[in-house]
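The values are calculated or read from the model by the stated rules, or taken from the named source; none is laboratory data. All figures in this text were calculated on a predicted structure; none of them were measured in a lab. Because the Cβ atoms are built from the backbone with ideal geometry, glycine has one as well, and the counts that use them run over all protein chains shown.
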């Protein structure tokens, strides 16, 4: 599979998710009043919320316009599919634990670690390794304001992510 733009990768990902999750749909984020409201609310902590972050509620994925139809968007959909699966499997527990105590160490970190492990799996499948820049980017998502410092322990999350990336290589 080519890491460059490939409409087949996008289309096959969307079809796979529609097959797995019958109510799956994608909404362009700036078309959603709810997402625009969240964008205003989160602007002090995450000014890139509307342009760079994808949100999943139920089986609906709210995605920035520029990601739609791209390989990057397809990779992100696979990350979001983990959240959809977790929300179906764990129901109210998932939603409450994702939202309660969103600042600082939170259950959100557990859910995001599961989804970011999928992100690393996708990268490994595409390139044969997980890039150093990817590990650093993901670690930043846990320790910085974008996700409200959901796991503010940089050395610990770096160690966890590296172990998961190493496990991908060993199980390949």
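Examine region 107-120 for a residue that is part of a loop (DSSP other than H, G, I, E, B) and in the same structural domain as residue 31 (by TED's automatic domain parsing), and state whether such a residue exists. Checking region 107-120: not a single residue is part of a loop (DSSP other than H, G, I, E, B) and in the same structural domain as residue 31 (by TED's automatic domain parsing). Report, by residue number, each residue of region 18-48 that is surrounded by 13 or more Cβ atoms within 10 Å (Cβ to Cβ), within 22 Å of residue 70 (Cα to Cα), in contact (Cβ under 8 Å) with a residue 60 or more places away in the chain and under 16 Å from the mean Cα position of the chain (by Cα). Matches in region 18-48: 24 only. Being assigned by TED's automatic domain parsing to the domain that holds residue 26, at pLDDT 95 or above and farther than 22 Å from residue 34 by Cα narrows it down to one of 78, 65, so name that one. Testing whether each residue is assigned by TED's automatic domain parsing to the domain that holds residue 26, at pLDDT 95 or above and farther than 22 Å from residue 34 by Cα leaves just 78. When region 101-128 is limited to residues that are touching a helix residue (DSSP H, G or I) at 6+ places or on another chain (Cβ under 9 Å) and modelled with pLDDT under 85, the one that is surrounded by the fewest Cβ atoms within 10 Å (Cβ to Cβ) turns out to be 101. A single member of 119, 60 is under 24 Å from residue 28 (Cβ atoms) and in contact (Cβ under 8 Å) with a residue 40 or more places away in the chain, and it is 119.
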